[in-house]
Amino acid sequence: MHSRPADDETWTRHAEGSLAAGPAAPGTFAWPPAGATPVDPAEVYRRLADAGVDHGPAFRAVEAVLVRGDEVFAEVRTTLDGGYAVHPALFDAALHAAALSPAAGAGLPFTWAGVAVHASGATALRVRIAPAGTGGVAVTAVDGSGAPVFTVESLTSRPWQGAAPPRLMRVDWKRVEPAAGPATGFVPERIAVRPGPAGARAATLAAVELVRSWLADPRSRTDRLVVVTGGDLAGPAPDPVAAAVWGAVRTAQAEHPDRFVLLDTDDDPGSAALFDAALATGEPQLALRGGEVLVPRLTRLAPGAPARLDAGGTVLVTGGTRGLGALVARHLVAEHGVRDLVLLGRHGGPAPDLDARVRVVPCDVADRDALAALLAGIPDLVAVVHVAGVVDDGVVEGLSVGQVDAVMRPKVD
(Lines give C-alpha, C1' and ligand atoms only; values in the text may rest on other atoms or scores of the structure.)
Protein backbone atom coordinates (compact mmCIF):
# COMPACT_ATOMS: atom_id res chain seq x y z
CA MET A 1 0.00 0.00 0.00
CA HIS A 2 1.59 3.24 -1.21
CA SER A 3 0.60 6.89 -1.43
CA ARG A 4 2.08 10.19 -2.59
CA PRO A 5 1.06 13.87 -2.59
CA ALA A 6 -0.46 15.07 -5.86
CA ASP A 7 2.51 17.37 -6.52
CA ASP A 8 5.25 14.88 -5.62
CA GLU A 9 6.51 11.95 -7.68
CA THR A 10 7.94 10.12 -4.65
CA TRP A 11 5.82 7.22 -3.42
CA THR A 12 5.81 6.22 0.24
CA ARG A 13 5.22 2.58 1.15
CA HIS A 14 2.98 2.35 4.20
CA ALA A 15 2.41 -1.40 4.41
CA GLU A 16 2.99 -4.71 2.64
CA GLY A 17 1.39 -8.08 3.27
CA SER A 18 0.13 -11.33 1.83
CA LEU A 19 -3.11 -13.33 2.03
CA ALA A 20 -3.32 -17.03 2.83
CA ALA A 21 -5.95 -19.59 3.78
CA GLY A 22 -7.25 -18.91 7.28
CA PRO A 23 -6.53 -21.21 10.21
CA ALA A 24 -9.19 -23.08 12.11
CA ALA A 25 -10.89 -21.16 14.90
CA PRO A 26 -8.77 -21.33 18.07
CA GLY A 27 -9.86 -22.32 21.51
CA THR A 28 -11.20 -19.88 24.07
CA PHE A 29 -10.02 -18.80 27.52
CA ALA A 30 -11.76 -18.62 30.87
CA TRP A 31 -13.30 -15.37 32.07
CA PRO A 32 -12.51 -13.99 34.54
CA PRO A 33 -9.00 -15.43 34.26
CA ALA A 34 -8.00 -17.30 37.39
CA GLY A 35 -5.24 -15.68 39.44
CA ALA A 36 -5.30 -12.38 37.52
CA THR A 37 -5.00 -9.02 39.29
CA PRO A 38 -7.26 -6.11 38.28
CA VAL A 39 -5.59 -2.90 37.05
CA ASP A 40 -7.19 0.52 36.65
CA PRO A 41 -7.88 1.02 32.89
CA ALA A 42 -6.63 4.61 33.28
CA GLU A 43 -3.13 3.16 33.66
CA VAL A 44 -3.33 1.89 30.07
CA TYR A 45 -3.97 5.37 28.72
CA ARG A 46 -1.41 6.95 31.02
CA ARG A 47 1.29 4.71 29.57
CA LEU A 48 0.13 5.38 26.03
CA ALA A 49 0.14 9.13 26.69
CA ASP A 50 3.67 8.89 28.11
CA ALA A 51 4.66 7.25 24.83
CA GLY A 52 3.19 10.15 22.85
CA VAL A 53 -0.26 8.75 21.99
CA ASP A 54 -3.18 10.57 23.62
CA HIS A 55 -6.53 8.90 22.95
CA GLY A 56 -9.63 11.09 23.11
CA PRO A 57 -12.68 10.05 25.15
CA ALA A 58 -14.42 8.39 22.19
CA PHE A 59 -11.53 5.96 21.76
CA ARG A 60 -10.92 5.07 25.41
CA ALA A 61 -12.91 1.87 25.07
CA VAL A 62 -11.06 -0.34 27.59
CA GLU A 63 -13.50 -1.06 30.43
CA ALA A 64 -11.51 -3.58 32.50
CA VAL A 65 -7.91 -4.83 32.67
CA LEU A 66 -6.39 -7.80 34.50
CA VAL A 67 -2.77 -8.94 34.61
CA ARG A 68 -1.40 -12.43 35.27
CA GLY A 69 2.36 -12.68 34.93
CA ASP A 70 3.22 -11.73 31.33
CA GLU A 71 -0.41 -12.05 30.21
CA VAL A 72 -2.79 -9.11 29.95
CA PHE A 73 -6.56 -9.48 29.74
CA ALA A 74 -9.04 -6.75 28.88
CA GLU A 75 -12.69 -6.06 28.22
CA VAL A 76 -13.39 -3.49 25.48
CA ARG A 77 -16.61 -2.10 24.09
CA THR A 78 -17.79 0.38 21.45
CA THR A 79 -21.17 1.79 20.49
CA LEU A 80 -19.96 2.62 16.98
CA ASP A 81 -21.37 0.71 14.03
CA GLY A 82 -20.52 0.81 10.38
CA GLY A 83 -20.98 -2.60 8.80
CA TYR A 84 -17.43 -3.82 9.48
CA ALA A 85 -16.47 -7.39 10.24
CA VAL A 86 -14.68 -5.92 13.26
CA HIS A 87 -15.13 -2.19 13.76
CA PRO A 88 -11.74 -0.40 13.50
CA ALA A 89 -12.31 1.41 16.82
CA LEU A 90 -13.06 -1.90 18.56
CA PHE A 91 -10.05 -3.57 16.93
CA ASP A 92 -7.79 -0.70 17.97
CA ALA A 93 -9.13 -0.73 21.54
CA ALA A 94 -8.42 -4.46 21.79
CA LEU A 95 -4.72 -3.62 21.42
CA HIS A 96 -4.60 -0.74 23.93
CA ALA A 97 -4.02 -3.04 26.90
CA ALA A 98 -0.81 -4.24 25.21
CA ALA A 99 0.72 -1.11 26.76
CA LEU A 100 0.91 -3.16 29.99
CA SER A 101 2.55 -6.18 28.33
CA PRO A 102 6.32 -6.57 28.88
CA ALA A 103 6.55 -8.15 25.42
CA ALA A 104 4.77 -5.33 23.62
CA GLY A 105 4.73 -2.10 25.62
CA ALA A 106 3.19 1.19 24.55
CA GLY A 107 4.61 1.03 21.04
CA LEU A 108 3.27 1.32 17.51
CA PRO A 109 1.74 -1.99 16.31
CA PHE A 110 4.00 -2.64 13.34
CA THR A 111 4.52 -6.22 12.14
CA TRP A 112 1.57 -8.61 12.03
CA ALA A 113 1.48 -12.33 11.30
CA GLY A 114 -1.39 -14.79 11.22
CA VAL A 115 -4.26 -12.31 11.49
CA ALA A 116 -7.64 -14.04 11.13
CA VAL A 117 -11.26 -12.94 11.62
CA HIS A 118 -13.58 -15.70 12.84
CA ALA A 119 -16.86 -13.81 13.40
CA SER A 120 -18.35 -10.41 12.60
CA GLY A 121 -20.65 -7.91 14.25
CA ALA A 122 -19.21 -7.88 17.77
CA THR A 123 -19.51 -4.64 19.76
CA ALA A 124 -17.72 -5.95 22.87
CA LEU A 125 -14.66 -8.15 23.22
CA ARG A 126 -12.68 -10.02 25.83
CA VAL A 127 -9.02 -10.01 24.90
CA ARG A 128 -5.99 -12.04 25.91
CA ILE A 129 -2.53 -10.65 25.08
CA ALA A 130 0.31 -13.07 25.74
CA PRO A 131 3.99 -13.34 24.74
CA ALA A 132 4.64 -15.00 21.37
CA GLY A 133 7.74 -16.97 20.48
CA THR A 134 8.78 -14.31 17.95
CA GLY A 135 9.44 -11.69 20.61
CA GLY A 136 6.07 -10.02 20.15
CA VAL A 137 2.63 -10.91 21.46
CA ALA A 138 -0.25 -13.10 20.41
CA VAL A 139 -3.78 -11.67 20.61
CA THR A 140 -7.00 -13.63 21.06
CA ALA A 141 -10.33 -11.78 21.07
CA VAL A 142 -13.64 -13.47 21.89
CA ASP A 143 -17.21 -12.30 22.38
CA GLY A 144 -19.24 -12.49 25.59
CA SER A 145 -20.03 -16.17 25.04
CA GLY A 146 -16.37 -17.05 24.53
CA ALA A 147 -16.65 -17.58 20.76
CA PRO A 148 -13.53 -16.39 18.84
CA VAL A 149 -13.85 -13.10 16.96
CA PHE A 150 -10.28 -12.52 15.75
CA THR A 151 -6.78 -13.78 16.47
CA VAL A 152 -3.26 -12.54 15.80
CA GLU A 153 -0.50 -15.15 15.93
CA SER A 154 2.25 -12.55 16.32
CA LEU A 155 2.36 -8.78 16.66
CA THR A 156 5.55 -6.81 17.22
CA SER A 157 5.76 -3.10 17.95
CA ARG A 158 8.27 -0.33 17.54
CA PRO A 159 8.62 2.96 19.42
CA TRP A 160 6.29 5.78 18.45
CA GLN A 161 7.96 8.56 16.51
CA GLY A 162 7.01 12.19 16.85
CA ALA A 163 4.57 13.56 14.34
CA ALA A 164 6.05 15.05 11.19
CA PRO A 165 6.09 18.86 11.10
CA PRO A 166 2.82 20.13 9.64
CA ARG A 167 2.91 21.15 5.99
CA LEU A 168 1.58 24.67 6.34
CA MET A 169 -0.47 26.20 3.53
CA ARG A 170 -1.30 29.71 2.42
CA VAL A 171 -3.46 31.31 -0.26
CA ASP A 172 -1.58 32.68 -3.27
CA TRP A 173 -3.13 34.42 -6.24
CA LYS A 174 -2.17 32.70 -9.48
CA ARG A 175 -2.46 34.08 -13.00
CA VAL A 176 -4.81 32.21 -15.35
CA GLU A 177 -5.54 32.74 -19.03
CA PRO A 178 -8.80 34.54 -19.77
CA ALA A 179 -11.41 32.36 -21.45
CA ALA A 180 -12.00 32.80 -25.16
CA GLY A 181 -15.75 32.22 -25.11
CA PRO A 182 -18.42 34.75 -24.18
CA ALA A 183 -19.58 35.16 -20.58
CA THR A 184 -23.30 34.52 -20.46
CA GLY A 185 -25.72 34.17 -17.58
CA PHE A 186 -23.98 36.63 -15.25
CA VAL A 187 -25.60 39.55 -13.45
CA PRO A 188 -22.96 41.88 -11.91
CA GLU A 189 -23.63 44.00 -8.83
CA ARG A 190 -21.01 46.24 -7.25
CA ILE A 191 -20.72 46.69 -3.47
CA ALA A 192 -19.04 49.90 -2.36
CA VAL A 193 -16.06 49.42 -0.06
CA ARG A 194 -15.59 52.26 2.42
CA PRO A 195 -12.97 52.14 5.21
CA GLY A 196 -13.69 51.91 8.92
CA PRO A 197 -16.07 49.94 11.17
CA ALA A 198 -19.16 51.68 9.77
CA GLY A 199 -18.05 50.86 6.25
CA ALA A 200 -17.46 47.21 7.14
CA ARG A 201 -20.88 46.84 8.75
CA ALA A 202 -22.68 48.61 5.89
CA ALA A 203 -20.86 46.61 3.21
CA THR A 204 -21.45 43.28 4.96
CA LEU A 205 -25.15 44.01 5.48
CA ALA A 206 -25.40 45.08 1.84
CA ALA A 207 -23.81 41.79 0.78
CA VAL A 208 -26.18 39.73 2.92
CA GLU A 209 -29.23 41.61 1.65
CA LEU A 210 -28.03 41.30 -1.95
CA VAL A 211 -27.55 37.55 -1.57
CA ARG A 212 -30.93 37.08 0.06
CA SER A 213 -32.78 39.07 -2.59
CA TRP A 214 -30.96 37.22 -5.35
CA LEU A 215 -31.91 33.83 -3.95
CA ALA A 216 -35.56 34.98 -4.06
CA ASP A 217 -35.18 36.21 -7.67
CA PRO A 218 -36.36 33.75 -10.38
CA ARG A 219 -33.24 34.60 -12.41
CA SER A 220 -31.05 32.95 -9.77
CA ARG A 221 -32.16 29.54 -11.01
CA THR A 222 -30.41 30.06 -14.36
CA ASP A 223 -28.02 33.01 -13.94
CA ARG A 224 -25.22 33.74 -11.48
CA LEU A 225 -24.80 36.88 -9.41
CA VAL A 226 -21.37 38.50 -9.64
CA VAL A 227 -20.52 40.47 -6.49
CA VAL A 228 -17.90 43.05 -7.49
CA THR A 229 -15.58 44.72 -4.96
CA GLY A 230 -12.54 46.95 -5.19
CA GLY A 231 -10.46 46.06 -2.17
CA ASP A 232 -7.10 44.91 -3.56
CA LEU A 233 -7.74 41.42 -2.15
CA ALA A 234 -4.98 39.96 -4.31
CA GLY A 235 -2.44 42.54 -3.12
CA PRO A 236 -0.09 42.59 -0.14
CA ALA A 237 -2.47 44.70 2.00
CA PRO A 238 -6.05 43.62 1.26
CA ASP A 239 -8.87 45.88 2.39
CA PRO A 240 -10.57 44.42 5.51
CA VAL A 241 -13.96 45.78 4.47
CA ALA A 242 -13.82 43.96 1.13
CA ALA A 243 -12.56 40.87 2.94
CA ALA A 244 -15.67 40.95 5.16
CA VAL A 245 -17.87 41.09 2.06
CA TRP A 246 -16.03 38.16 0.56
CA GLY A 247 -16.44 36.18 3.78
CA ALA A 248 -20.19 36.68 3.72
CA VAL A 249 -20.54 35.77 0.04
CA ARG A 250 -18.21 32.78 0.33
CA THR A 251 -20.64 31.40 2.90
CA ALA A 252 -23.45 31.84 0.38
CA GLN A 253 -21.31 30.08 -2.24
CA ALA A 254 -20.90 27.11 0.09
CA GLU A 255 -24.63 26.95 0.80
CA HIS A 256 -25.70 27.59 -2.82
CA PRO A 257 -23.03 26.28 -5.25
CA ASP A 258 -22.79 27.82 -8.74
CA ARG A 259 -25.10 30.76 -7.95
CA PHE A 260 -22.55 33.40 -6.88
CA VAL A 261 -19.22 34.70 -8.20
CA LEU A 262 -16.82 37.00 -6.34
CA LEU A 263 -14.72 39.40 -8.38
CA ASP A 264 -12.32 42.03 -7.01
CA THR A 265 -11.02 44.55 -9.54
CA ASP A 266 -8.75 47.57 -9.80
CA ASP A 267 -9.14 50.71 -11.94
CA ASP A 268 -6.78 49.57 -14.71
CA PRO A 269 -8.44 49.87 -18.17
CA GLY A 270 -6.89 46.53 -19.11
CA SER A 271 -8.69 44.89 -16.19
CA ALA A 272 -12.04 46.33 -17.24
CA ALA A 273 -11.53 44.92 -20.72
CA LEU A 274 -11.08 41.42 -19.24
CA PHE A 275 -14.27 41.43 -17.17
CA ASP A 276 -16.30 39.11 -19.41
CA ALA A 277 -13.35 36.88 -20.25
CA ALA A 278 -12.59 36.44 -16.56
CA LEU A 279 -16.16 35.38 -15.80
CA ALA A 280 -16.08 32.94 -18.71
CA THR A 281 -13.33 30.94 -16.94
CA GLY A 282 -16.01 29.55 -14.60
CA GLU A 283 -13.93 30.34 -11.51
CA PRO A 284 -16.03 31.20 -8.42
CA GLN A 285 -13.50 33.75 -7.07
CA LEU A 286 -11.38 36.07 -9.21
CA ALA A 287 -9.31 39.23 -9.10
CA LEU A 288 -8.42 41.58 -11.96
CA ARG A 289 -5.08 43.29 -11.48
CA GLY A 290 -3.17 45.28 -14.08
CA GLY A 291 -4.85 43.58 -17.01
CA GLU A 292 -4.39 40.05 -15.62
CA VAL A 293 -6.85 37.48 -14.30
CA LEU A 294 -5.88 36.01 -10.92
CA VAL A 295 -7.47 33.18 -8.92
CA PRO A 296 -6.80 32.05 -5.32
CA ARG A 297 -4.95 28.77 -4.90
CA LEU A 298 -3.60 26.93 -1.84
CA THR A 299 0.19 26.53 -1.95
CA ARG A 300 2.61 24.98 0.51
CA LEU A 301 4.85 27.22 2.52
CA ALA A 302 8.56 26.61 2.08
CA PRO A 303 10.23 25.25 5.24
CA GLY A 304 11.78 27.96 7.32
CA ALA A 305 12.54 29.04 10.84
CA PRO A 306 9.35 29.64 12.86
CA ALA A 307 8.54 33.17 13.87
CA ARG A 308 9.33 33.92 17.48
CA LEU A 309 7.76 36.41 19.83
CA ASP A 310 9.71 38.71 22.11
CA ALA A 311 9.33 36.70 25.29
CA GLY A 312 10.66 39.59 27.36
CA GLY A 313 7.41 41.57 27.29
CA THR A 314 3.71 41.11 27.92
CA VAL A 315 1.35 39.50 25.40
CA LEU A 316 -2.33 40.40 25.43
CA VAL A 317 -4.86 37.76 24.32
CA THR A 318 -8.43 38.93 23.83
CA GLY A 319 -11.02 36.27 24.52
CA GLY A 320 -8.19 34.46 26.27
CA THR A 321 -10.06 32.87 29.16
CA ARG A 322 -11.67 29.97 27.34
CA GLY A 323 -11.94 28.07 24.07
CA LEU A 324 -9.52 29.04 21.34
CA GLY A 325 -8.12 31.94 23.36
CA ALA A 326 -7.11 29.63 26.21
CA LEU A 327 -5.41 27.30 23.75
CA VAL A 328 -3.52 30.24 22.26
CA ALA A 329 -2.38 31.29 25.73
CA ARG A 330 -1.03 27.81 26.45
CA HIS A 331 0.74 27.76 23.07
CA LEU A 332 2.37 31.13 23.73
CA VAL A 333 3.80 29.87 27.01
CA ALA A 334 4.81 26.38 25.86
CA GLU A 335 6.13 27.16 22.36
CA HIS A 336 7.23 30.81 22.51
CA GLY A 337 8.42 31.10 26.09
CA VAL A 338 6.06 33.96 26.96
CA ARG A 339 6.13 34.60 30.70
CA ASP A 340 3.73 37.55 31.07
CA LEU A 341 0.16 37.26 29.81
CA VAL A 342 -2.90 39.46 30.08
CA LEU A 343 -6.06 37.56 29.18
CA LEU A 344 -9.21 39.52 28.37
CA GLY A 345 -12.74 38.25 28.69
CA ARG A 346 -16.01 40.12 28.81
CA HIS A 347 -16.77 38.57 32.18
CA GLY A 348 -13.26 37.76 33.38
CA GLY A 349 -12.83 34.24 34.66
CA PRO A 350 -10.32 32.10 36.55
CA ALA A 351 -6.67 32.27 35.53
CA PRO A 352 -5.50 29.10 33.76
CA ASP A 353 -2.72 27.06 35.34
CA LEU A 354 0.26 28.13 33.22
CA ASP A 355 3.98 28.44 33.84
CA ALA A 356 3.75 32.21 33.50
CA ARG A 357 2.48 35.34 35.22
CA VAL A 358 -1.14 35.58 34.16
CA ARG A 359 -3.55 38.44 34.75
CA VAL A 360 -7.21 37.98 33.81
CA VAL A 361 -9.03 41.26 33.15
CA PRO A 362 -12.78 41.64 32.52
CA CYS A 363 -13.02 43.92 29.49
CA ASP A 364 -15.26 44.20 26.43
CA VAL A 365 -12.92 44.82 23.49
CA ALA A 366 -15.69 46.77 21.75
CA ASP A 367 -15.62 49.32 24.59
CA ARG A 368 -12.94 51.61 23.16
CA ASP A 369 -12.45 53.72 26.29
CA ALA A 370 -12.06 50.70 28.57
CA LEU A 371 -9.70 49.03 26.12
CA ALA A 372 -7.58 52.17 25.71
CA ALA A 373 -7.23 52.49 29.48
CA LEU A 374 -6.20 48.85 29.75
CA LEU A 375 -3.56 49.19 27.01
CA ALA A 376 -2.15 52.32 28.65
CA GLY A 377 -1.53 50.24 31.77
CA ILE A 378 0.70 47.69 29.96
CA PRO A 379 3.94 49.57 29.20
CA ASP A 380 5.85 46.48 28.04
CA LEU A 381 3.20 45.20 25.59
CA VAL A 382 4.93 43.35 22.73
CA ALA A 383 2.06 41.55 20.99
CA VAL A 384 -1.72 41.30 20.81
CA VAL A 385 -3.55 38.15 19.72
CA HIS A 386 -7.16 39.07 18.96
CA VAL A 387 -9.28 35.96 19.52
CA ALA A 388 -12.41 37.51 21.08
CA GLY A 389 -15.52 36.79 19.06
CA VAL A 390 -19.21 36.00 19.14
CA VAL A 391 -20.87 33.13 17.29
CA ASP A 392 -24.40 33.92 16.10
CA ASP A 393 -24.69 31.97 12.88
CA GLY A 394 -27.37 30.59 10.60
CA VAL A 395 -28.09 29.99 6.94
CA VAL A 396 -27.78 33.09 4.80
CA GLU A 397 -31.53 33.36 4.07
CA GLY A 398 -32.22 33.64 7.81
CA LEU A 399 -29.49 36.07 8.88
CA SER A 400 -30.74 39.23 10.59
CA VAL A 401 -29.18 42.65 11.09
CA GLY A 402 -28.89 41.86 14.80
CA GLN A 403 -26.87 38.72 14.11
CA VAL A 404 -24.45 40.57 11.83
CA ASP A 405 -24.04 43.35 14.40
CA ALA A 406 -23.45 40.88 17.24
CA VAL A 407 -20.69 39.09 15.33
CA MET A 408 -18.98 42.21 13.98
CA ARG A 409 -18.96 44.17 17.24
CA PRO A 410 -15.98 42.40 18.91
CA LYS A 411 -14.16 41.98 15.61
CA VAL A 412 -14.61 45.37 13.94
CA ASP A 413 -15.76 47.96 16.49
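The values are calculated or read from the model by the stated rules, or taken from the named source; none is laboratory data. None of these values were measured; they are calculated from a predicted model. In this analysis, Cβ positions are derived from the backbone assuming ideal geometry, glycine residues included, and neighbour counts consider all displayed protein chains.
Things to note:
- A179 being closer than 24 Å to W246 by Cβ, of a type in the set (G, A, S), modelled with pLDDT of 85 or more and assigned to a loop (DSSP other than H, G, I, E, B): yes
- Applying the set (1) in contact (Cβ under 8 Å) with a residue 12 or more places away in the chain; (2) surrounded by fewer than 16 Cβ atoms within 10 Å (Cβ to Cβ); (3) under 30 Å from P5 (Cβ atoms); (4) out of contact with any Ser or Thr (no Cβ under 7 Å at 6 or more places or on another chain) to A254 leaves exactly one unmet item: (1).
- Annotation note: of G69, G56, the sole residue that is assigned by TED's automatic domain parsing to the domain that holds V117 and at positive phi is G69.
- Screening the range 16-49 for residues that are among the small types (G, A, S) and not in a loop (DSSP other than H, G, I, E, B) and picking the one that is modelled with the lowest pLDDT gives A49.
- When each of R368, R289, R330, R308 is tested for being loosely packed, with under 13 Cβ neighbours inside 10 Å and modelled with pLDDT of 90 or more, the lone residue that passes is R368.
- Of all the numbered requirements in (1) surrounded by 17 or more Cβ atoms within 10 Å (Cβ to Cβ); (2) more than 16 Å from Q403 (Cα to Cα), D267 misses one, and that requirement is (1).
- If the condition is being at pLDDT below 95 and closer than 17 Å to P296 by Cβ, then the range 150-173 contributes L168, M169, R170, V171, D172.
- Cβ-Cβ distances below 7 Å connect the following pairs, each with a first residue in the range 286-308 that is over 22 Å from L225 (Cα atoms), a second residue that is among the aliphatic types (A, V, I, L, M) and not in a strand (DSSP E or B), and a separation of six or more residues or different chains: G291/L274; L301/L168.
- Restricting attention to the range 201-234, the residues that are out of contact with any strand residue (DSSP E or B) (no Cβ under 6 Å at 6 or more places or on another chain), of a type outside the set (A, V, I, L, M, F, W, C) and either more than 27 Å from L294 (Cα to Cα) or not in a loop (DSSP other than H, G, I, E, B) (or both) add up to 10.
- Apart from one condition, T28 fits all of (1) more than 25 Å from the chain's Cα centre (by Cα); (2) polar (S, T, N, Q); (3) farther than 16 Å from A130 by Cβ; the exception is (3).
- Within the range 348-356, at least one residue is closer than 23 Å to V412 by Cα and in contact with a strand residue (DSSP E or B) (Cβ under 7 Å, 6 or more places away or on another chain).
- Condition met for G136 (at pLDDT below 95, of a type outside the set (K, R), surrounded by 11 or more Cβ atoms within 10 Å (Cβ to Cβ) and at positive phi): no
- Matching strands (runs of 3 or more DSSP E) fully within the range 329-413 where at least 3 residues are touching a residue at least 24 places away in the same chain (Cβ under 8 Å): 340-345, 381-386
- Verdict on G52 being touching a residue at least 60 places away in the same chain (Cβ under 8 Å) and touching a Phe, Trp or Tyr at 6+ places or on another chain (Cβ under 6 Å): yes
- Residues that are among the hydrophobic types (A, V, I, L, M, F, W, C), touching a strand residue (DSSP E or B) at 6+ places or on another chain (Cβ under 7 Å) and not assigned by TED's automatic domain parsing to the domain that holds L205 do occur in the range 388-409, at least one of them.
- Within the range 284-304, the set of residues being assigned to a loop (DSSP other than H, G, I, E, B) and either in contact with a Pro (Cβ under 9 Å, 6 or more places away or on another chain) or of a type in the set (F, W, Y) (or both) comprises P284, G291, P303.
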